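The structure under discussion appears below in the form of structure tokens.
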Amino acid sequence: MSTSLRHGIFLGPWHALDESPTLAIQRDLKLVQLLDELGFAEVWIGEHHSGGWEMITSPDLFIAGAAERTKRIRLGTGVVSVSYHNPFIVAERLMQLDHQTMGRVMFGFGPGLLATDAHMLGIPQTATRDRLAQALEVIVRLFDGEVVTEETDWYSLHDARLQLLPYQQPRPEIAVTSVFTPSGGRLAGKLGLSMLCVAASDLRAFDALAGNWQIAVDTAARHGQTVSRSQLRLVAPMHLAATREEARENVRFGLSRYMDYANAIQKRFEIPDGVDPADFLVDSHYAVIGTPDDAIAMIDRLREKQGDFGTFLIQAFNWADWPATQRSYELYARYVMPHFSDANVARSASLEWMRDKRDSLSPARAQAVQEAFEKYGTDVGASEVSDRTAKGPVL
């Protein structure tokens, strides 16, 4: 049986360096409000500490503000770089957020993406995944009400216990990131957690999708846990417009600058001379820059590779200006979401039923119109009645 697909966004965020950071954060909050109104299910907000573009350093602070502006959309930390923090403090802050939002939060955890973040904190890159595994096990135990005493080379806990237990029972949804390596799948399986595949359309990550999920399934079985495809989220970038040409014109606003930033983190995009960056990303299946039909095709391609998954998340890169960005999400909500929810199946069936009944019901309709004319003493011939009703409804 197919998993019912949910929809959301993954918000780094990514903002170019030539605009007001204050207004950019306010616009991100407005975006979450818009998504809430459009019926998106969830949004995930990142944590970063260097590079200038991804300037939300505390996703829980942002979520606290966004929760006050929205009604139903779920809000996730995407992700807390837990290898940078004492796990007890992380667990405490997130428990407060669970209560403060009355259960609208999800918690994503990762080792930390930016090498410069770890460098500033004096953390070897080789240590971040091990730290994630250590800390996440402690956080899960604390969420479950355990008292934890543990000594490691980077934190000490003595009789640590939370003052607040989860608002959501038995606990909020917890997700772990997965990109290329099997570490995310192993950790998700060991603890029975959700998975966030944050670069699903990247060629290397795309090739690893099914394998990493199977690692999670197999690891869960060995540890007496279960994982469900409904807990699996895939992330890929999209910008939509009425036509492909319009979409390409929209992303000229910010696409090249974003690619420069991405290459400053790690050399990722090597575009041949003379090749349009938008064409490069579309032709490599990395991104959708096109129409709602192209978005549907991308999700179908991911399903063909991965199998069913629970949520598709648009990677919110701000390649277009604000009006075009809003329009893109509106198009997605109007045309892509209903395609995967079968929201219009009953409407389509009703239209076909009406069409099938047209000829058989036409004589009765014409008779009803004739009787109405006769009732009020109007002399109209049967042929004229038939002609009038054939041209449209007659009240």
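No value in this document is a laboratory result; all are computed from the given coordinates. Since the structure is predicted, the reported quantities are computational estimates derived from the model, not experimental observations. When we count neighbours, we look across all protein chains shown, and the Cβ atoms used for this are built from the backbone with ideal geometry, even at glycine.
Structure above, values below:
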quantity	calculated
Electrostatic dipole magnitude of segment 231-298 [Cβ: Lys, Arg +1; Asp, Glu -1; Cα centre; debye, to 20]	380 debye
Full-extension gain in nm, residue 150 to residue 335, via 0.36 nm per residue minus C-alpha separation	61.5 nm
Chain lengthening between residue 257 and residue 326 when straightened (0.36 nm per residue, less Cα-Cα)	22.9 nm
Options (1) 54, 50, 46; (2) 98, 55, 41; (3) 108, 56, 29 - which one matches Cα extents along the principal axes in Å as calculated here	(2)
Pairwise centroid distance, computed over Cα atoms, of segment 268-308 with segment 221-240, Å	20 Å
Separation between Cα centres of segment 47-116 and segment 180-199, rounded to whole Å	18 Å
Gaussian network model of the chain, Cα within-10 Å springs - most flexible of 21, 166, 13	21
Unit charges at the beta carbon, dipole of segment 21-173: most positive-side option, 90, 143, 78	78
Inter-site label distance for residue 169 and residue 365 at 7 Å from Cα along Cβ, in nm	5.5 nm
Label-to-label distance, nm, for residues given as residue 229 and residue 273 (7 Å Cα→Cβ offset)	4.8 nm
Gaussian network model of the chain, springs between alpha carbon atoms under 10 Å - residue of 355, 248, 104 with greatest fluctuation	355
5 angstrom amide H check on residue 74, placed H, neighbours 5+ away	42, 43
Within segment 250-367: Cβ-based charge dipole about Cα centre, in debye rounded to nearest 20 (Lys, Arg +1; Asp, Glu -1)	480 debye
Simple spin-label estimate for residue 16 and residue 119 in nanometres, 7 Å along Cα-Cβ	2.5 nm
Cross-link partners of residue 305 among aspartates and glutamates (Cα-Cα below 14 Å; sequence separation of 8 or more within a chain)	202, 207
Charged-residue dipole, Cβ positions (Lys, Arg, Asp, Glu), the chain about Cα centre, Debye nearest 20	700 debye
Sequence-distant aspartates and glutamates (8 or more away, or on other chains) whose Cα lies within less than 17 Å of residue 190	130, 137, 144, 173, 218
Listed residues 333, 317, 344: farthest to the positive end of the dipole of segment 311-359 (Cβ charges)	344
All aspartates and glutamates inside 13 Å of residue 71 as judged from Cα atoms, apart from same-chain residues fewer than 8 positions distant	36, 37, 42
